[in-house]
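*Asks:* Before anything else, here's the structure in question.
What follows draws every value from the coordinates through simple rules; no lab data is involved. Source: prediction; values computed, not measured. So basically every Cβ, Gly included, is an ideal-geometry build from the backbone, and we count neighbours across all protein chains shown.
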Amino acid sequence: MNHNNHIEYDLLIESITQYLFDHEIEQTAVFDSARLSFIDAIGHGIFALRSPECTKHLGPIINGTIVPGGARVPGTSYQLDPAKCAFDISCMTSWLNIDQVCIGNEPGYPGENLGAILAVADYISMQRMSSGYAPLSMHNILTALIKTYEIQVVLGLENGLGQFGLAQSLFSKVASTAVVTQLLGGDRSRVKAAISLAFLDAPQLKCERVSYPARAAFNAGLNSSRAVTLSFMAVAGENGIPDALAQTDVGFHALALRGKTLKLLRKFEALSFDNIVFRCGVPAHIHWLTGVEIAGQLHSQVSNRLDDIERIEVKTHRAALQGTSQAIHSEDSNFIVTFKKLIAQAIVYGQVGPESDSDIEQKATRYISICAKVAIEESAEFTQAFMAEEGHALPNSIRVYFRDGSVTADKRIDFPLGHKCRREEGEVAITAKFESNIGSRFSRLHAKDILEICENKKLFESLAVNELMDLFVV
């Protein structure tokens, strides 16, 4: 017997449910951003399959298990139950840590949501096909991805979970659980039940992401897997907890947030994908992207004078010195040192990328001395540009000083390549990176077929999910 029938669900849970069922996405441009997000994440996942550290997490729990009619893992021959498939997809798409991101307090990454959505959509489509019904289309997937990320971002705009020692990925799990429950055919009551279960499902601690960053992809997989499991349970009739957030003494607000409450800075719409920033293959913090881009451009000017460099002056905005912290990191902190290393690496090599991670230690001697010459300081002008409501610039500038007194021109970039202000230019880079990534796994002709479909917006959205997944099976 369900004793919770007489209790109204928390307003936040009601708001998320209402958004899923009642909001129609009218902006056509946001679907194109979602398509780019999809191919960007899948491309990163395909490339990550080159790493044994990644692939050891993939495949069935019991070796050799095949689930008839199960969901497929792109770039592999695995056919798994939807929960394990969701783990695998999110783990591989998050492995390189170069996923897209939206500016916010606890924004999260779309790739973490993709695993749950794509695994369940492939499973549903396979089941429908076997029963003579039409499968889901990629337009359905993009809609789900847009709404999932919108929920995740809006929850994160005003609510910093890090201050309570919790990982930001909780919002990803909540959003994925809500959307996947709806994909599975759950009505409003089932979606509300699922959301309540997700909030109470053991939030991960922030220490894993801070002290063990390699666990980020593993945790992304866990969240996707749990979202799928909770969704299936909710659709099967598992009771929800209507006052999961507000219950006195033992609710989410009381225990996880120490008495504070989750707040929404704005209503749920479809704005998050419109403001997404693609990292275009650069493994750098979102606020450092323009600095790394400038450093790469300076490579041709200074690479033959590396030994003559006296100092490298970097001006940036405050968020680049804070990360997810409320305070500015000290100059010798790991956070700032990482920023300096990326600047130095780009100046020495002309670029940074995940393909250089494996042998970065061997190459370190070439740029470690340059790293020591990088000085980073906040520019009030840049911070003001970042804080402006319109645009959300991410400005950085760099000037290189040499021992003979000469100096490079002060070079400034306000918006990174993946910013919406440079979307046309960024799309070229995203597509080229996707082509390169899938080329690492598939034959040239097969990769060409995949690319042609993914570049054709109309064809891509009309394609059945299972047909697209067929292309990624090896």
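*Asks:* For the stretch 26-89, give the magnitude of the charge dipole about the Cα centre (Cβ charges: +1 Lys/Arg, -1 Asp/Glu; no others), in debye to the nearest 20.
*Replies:* Working: 5 positive and 6 negative charges, 54 e Å.
In debye, rounded to 20, the stretch 26-89 gives about 260.
*Asks:* Then there is this: So, R0 is 41 Å and r is the distance between the beta-carbons of A236 and E26; what FRET efficiency does that work out to, to 0.05?
*Replies:* For A236 and E26, the calculated efficiency is 0.75.
*Asks:* Oh, and also: Could you order peptides 147-160, 299-312 by the average number of other Cβ atoms within 10 Å of their residues, highest first?
*Replies:* 147-160, 299-312
*Asks:* Moving on to the next point. Compute, for the stretch 286-416, the length of the dipole vector about the Cα centre, with Cβ point charges of +1 (Lys, Arg) and -1 (Asp, Glu) only. Units Debye, rounded to 20.
*Replies:* Rounded to the nearest 20 debye, it is 260 debye.
*Asks:* Please give the peptides 265-277, 174-186 ranked by average Cβ packing (other Cβ atoms within 10 Å per residue), highest first, as a rough proxy for protection.
*Replies:* So the peptides 265-277, 174-186, ranked by packing, come out 174-186, 265-277.
*Asks:* From the cross-link list K315/K373; K267/K433; K147/K173, which pairs have alpha carbons spaced over 25 Å apart?
*Replies:* Listed pairs above 25 Å: K267/K433.
*Asks:* Name the residue from T408, N437, M469 whose Cα lies farthest towards the positive end of the charge dipole of the stretch 363-474, charges +1 on Cβ of Lys and Arg and -1 on Cβ of Asp and Glu.
*Replies:* It is T408.
*Asks:* Divide by every residue of the chain the summed helix terms, -39500 (n - 2.57) for each DSSP H run of at least 4, and state the resulting mean residue ellipticity at 222 nm, rounded to the nearest 500 deg cm²/dmol.
*Replies:* -16000 deg cm²/dmol
*Asks:* How big is the antiparallel share of DSSP beta bridges in the stretch 286-416, given as a percent to the nearest 5?
*Replies:* Counting DSSP beta bridges with both partners in the stretch 286-416, the antiparallel share is about 70 percent.
*Asks:* Another question, then. How high is the relative contact order of the stretch 357-474, in percent, counting Cα pairs under 8 Å that sit 6 or more residues apart?
*Replies:* Here the relative contact order equals 10 percent.
*Asks:* Quick check: residue separation of I368 and S440 times 0.36 nm, minus the Cα distance between them. What number comes out in nm?
*Replies:* Numbers: separation 72, 0.36 × 72 = 25.92 nm, distance 3.03 nm.
My answer for the length gained is 22.9 nm.
*Asks:* Contact order normalised by length for the stretch 31-139, with contacts defined as Cα pairs under 8 Å and 6 or more residues apart; what percent is it?
*Replies:* 26 percent
*Asks:* Sorted by mean Cβ packing within 10 Å, highest first, what order do the peptides 227-235, 126-134 take?
*Replies:* 227-235, 126-134
*Asks:* If I require 24 Å or longer along the helix axis, counting alpha carbons, and a Kyte-Doolittle average no lower than -1.0, what helices from the chain are left? Use full DSSP H segments. Don't jump to the answer; show the numbers that get you there.
*Replies:* Values: long enough: 28-48 (31 Å, 0.92); 110-130 (30 Å, 0.30); 138-158 (31 Å, 0.79); 215-235 (30 Å, 0.62).
TM-like helix candidates: 28-48, 110-130, 138-158, 215-235.
*Asks:* Could you check the spin-label model distance between K267 and M387? Points 7 Å from the Cα along Cα→Cβ, value in nm.
*Replies:* Going by the 7 Å Cα→Cβ label model, 2.9 nm.
*Asks:* I would also like to ask the following. Given +1 on the Cβ of Lys and Arg, -1 on the Cβ of Asp and Glu, and no further charges, what dipole in debye does the chain carry about its Cα centre, rounded to the nearest 20? Walk me through the numbers before you get to the answer.
*Replies:* Values: 43 positive and 54 negative charges, 143 e Å.
Value, rounded to 20: 680 debye.
*Asks:* So who's got an amide H within less than 5 Å of the one on H419, skipping anything under 5 residues away but keeping other chains? H placed 1.01 Å off N, in plane.
*Replies:* F278
*Asks:* At a threshold of 8 angstrom on Cα-Cα distance, excluding pairs fewer than six apart, so keeping six or more, what relative contact order does the stretch 153-253 reach in percent?
*Replies:* Rounded, it is 34 percent for the stretch 153-253.
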